[in-house]
Structures are given as structure tokens and as C-alpha cells.
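A.B. asks: Supplied in C-alpha cells, the structure appears directly below.
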Amino acid sequence: MHTVQLARRDLLLATASVAGGLAMPQIMTRAAHADLPMAGVKSPGFKRFRLGEFEVTTLLDGLRPGDGPHPTFGADQPAEVVAALMEANFLPPDKFVNGFTPTLVNTGSELVLFDTGLGEAARPNGLGRLEENLIASGYTPDQVSIVVITHMHGDHIGGLTGGETPAFPNARYVVGQIEYDFWTSPDRAGTPAENNANAVRSKVQPLADRMTFIAPGDDVVPGISSIEAFGHTPGHLIFRLDSGGRQLILTADTANHYVASLQRPDWEVAFDMDKARAAETRKKVFDMIATDRLPFIGYHMPFPAIGYVERLDEGYRYVPATYQFDI
């Protein structure tokens, strides 16, 4: 009898003790955190890794939330079809975020920057952060020795200058001849391409005397070669990096949304100037990447913009890189 009463008493005491022990930290936590301000510090705007003998750094120029992705993506599809694909991939059906990610490659003898972001005009809206994140990554603009422009849309050329001053004062420039000729032609006047042609006239043409013009297949430097990827623009180029037996593809704007453009490569994209050819290029490029199991950096992929693709139904599934470059 005494044993039963003792056991019951011990159980009640133990229960009370546990309950009190659970309650105490909650009370203390609430008291300690009641007036704790948010840090408000931005996440790092760069990601660095090694590719053979190359050092590769992706640099976030900014993130731009907006409505969509329909009709920017899938304008040839019913809105509800695009929304359903987003929801199936855990994304909101009527909002998306567009990211902009230039890439910096240190070859050991050259510091090569691919594309320059939106530039100073976009800074009031939280974009145009290339210079800020370049410096945060340990380099300065005057160390950049080569600037490569994959194509001449405004979000790739906007950061070429600050005011009328070159943003990368010691750099020479590498651009596609076809792309340059298209945008600088007087034939753009009075066409839908006129506004962008004016931006090229302002940002690109003043640097022409420091430019090297290339064709698909030409090298930028040893280990960095250009590949034709026309359609998004008439002279859109992508690039293969090859160092120490490792390869990586810089796909620029071949795909502009990691779900809509990859899982449904045939869907129209508003930014593609030749939509049919851009779709053909998407499938050709990402078939190669999937077949050869190559990593790639996409300018508009989710930051830090590095990943892989695997074939999925009628398209490809984006697989973000994790620790592949850390071992």
C-alpha cells in the first residue's frame, strides 16, 4: 500500500516538474525576444567555387518581383495551364521573381566578367548591385580585364558604364559580331527593337574601339569558347568553360525561368525575339547539358544560379547545385 502511494506521489511530482520545465523556457524566450530587432542584413550576393584551375564567382545584380509568370512565359498557353505548372512546383500561380546573375571567372591570368547587369538606373529599385557584390567578393572593377557580353538586352549591358564613364576602366570587351551588327544597324529605327537599340548606342557603341568581335566557336581566352545560341536575340551566344578536365556552360538567357522555360521549353517567352528558334535552341542546349551531365550557370536561374538538368517528360527538371564544387 505504501509503495503504491509513494509511486503515485513520485509520478505527480515528476509530471509537475516536467510541466514546469517546459513552461519556463517559453516564458524566458518570450521575455528575452520581446524587443529584439530584426538584423536587416542582406544575404551574401556572391557564390564562389573552383572549376579546375579557374575560380568562378556568380554575382547577384538583384531580384525583381512581379506579376506572372504568365503571360511573360507561356503566352501561347491558357493562363490556368501556366498557373497549374507553377503550383505543381510549389510556386505561386500569379507572382514570380526574376533574378539577374553576371558571372566572374578568374583564369589565373585574366579576370573575365560575363554581362554587367542593369546598372545605376535600376539601383533605386534594389537592382544594379553588380559593383557592390563584385567588391564584396574581393575584387574591384579596375581588376576586370575582359568583359564579355552574351547579348545586348538592357539587363546585360546596363552596367557597362556609370554615367558616361566605363564601369570597368581597364577592361577590353568581347562581343558577338552578329549581335553588334544587328543592334547598331539603322534598320532598327521605327521597329519594336528601337528602344533597345538606343540603349546599345548609349552603352555599347562608345566602347567599340576597345572591342574584339567574335563568331560562334571562337575563344575568348584559352579554356573559354563561344557557342551559337540564337533565337533569344539574333546573335545570342553562350560559353563553355573548360579547365582541369572540368566543364561548365554559361547559358545566358537560353532559359529565363527554371520551371516554365525548362519543363516546357516549347512555351513562348516574351523576351525571345525569334520564339520558334529560341525554343529549338533551348532544347538543343539543354539536351547537351542533360546528356553530358554538365553543370551550368543561367543568368536568370535562382541565385546562385548554378545547377544541372535532367530530362523530364517533355522538358527538363532543374537540379540546383549543392556541394559538388566543394569536394
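A.B. asks: Quickly rank 181-191, 204-214, 308-318, 275-285 as a protection proxy: mean count of other C-beta atoms within 10 Å, highest first.
C.D. replies: Averaged packing, sorted descending, gives the order 275-285, 308-318, 204-214, 181-191.
A.B. asks: Rounded to the nearest 0.05, what FRET efficiency do residue 284 and residue 55 have when you use their Cβ-Cβ distance and R0 = 25 Å?
C.D. replies: 0.30
A.B. asks: In whole Hz, with x marking every Gly and Pro, tabulate ³J(HN,Hα) for the stretch 151-164 from phi via Karplus 6.51 cos²θ - 1.76 cosθ + 1.60, θ = phi - 60°.
C.D. replies: 6, 10, 6, x, 7, 10, 10, x, x, 5, 9, x, x, 9
A.B. asks: Looking only at the stretch 46-320, where both bridge partners belong to it, what percent of the DSSP beta bridges are antiparallel (to the nearest 5)?
C.D. replies: Percentage antiparallel, nearest 5: 75.
A.B. asks: So if we plug the beta-carbon distance of residue 323 and residue 274 into 1/(1 + (r/R0)^6) with R0 = 22 Å, what FRET efficiency do we get, rounded to 0.05?
C.D. replies: 0.05
A.B. asks: In µm²/s, what is D for the stretch 46-320 at 4 °C and 1.567 mPa s, where D = kT/(6 pi eta Rh) by Stokes-Einstein and Rh is the Kirkwood radius from Cα pairs?
C.D. replies: Diffusion coefficient, whole number: 69 µm²/s.
A.B. asks: So, one more: Using a Förster radius of 41 Å, what is the FRET efficiency between residue 312 and residue 64 based on their Cβ-Cβ separation? Nearest 0.05, please.
C.D. replies: The formula returns an efficiency of 0.95 here.
A.B. asks: What are the ³J(HN,Hα) values, in whole Hz, obtained from phi via the Karplus relation 6.51 cos²θ - 1.76 cosθ + 1.60 with θ = phi - 60°, for each residue of the stretch 280-285 in sequence order, with x given for Gly and Pro?
C.D. replies: Running phi through 6.51 cos²θ - 1.76 cosθ + 1.60 with θ = phi - 60° gives 4, 5, 4, 5, 5, 5 Hz.
A.B. asks: While we're on this one: Do you know the relative contact order of the chain, to the nearest whole percent, from alpha carbon pairs under 8 angstrom that are 6+ apart?
C.D. replies: Computed value for the chain: 15 percent relative contact order.
A.B. asks: Between residue 38 and residue 185, how many nm apart are label points set 7 Å from Cα along the C-beta direction?
C.D. replies: Distance between the two pseudo-spin positions: 4.9 nm.
Read-outs throughout are calculated quantities, based only on the coordinates presented, and are distinct from any laboratory measurement. Model, not experiment: these values are computed from the prediction. Here the Cβ is made from the backbone with ideal geometry for all residues, glycine too, and neighbour counts use every protein chain on show.
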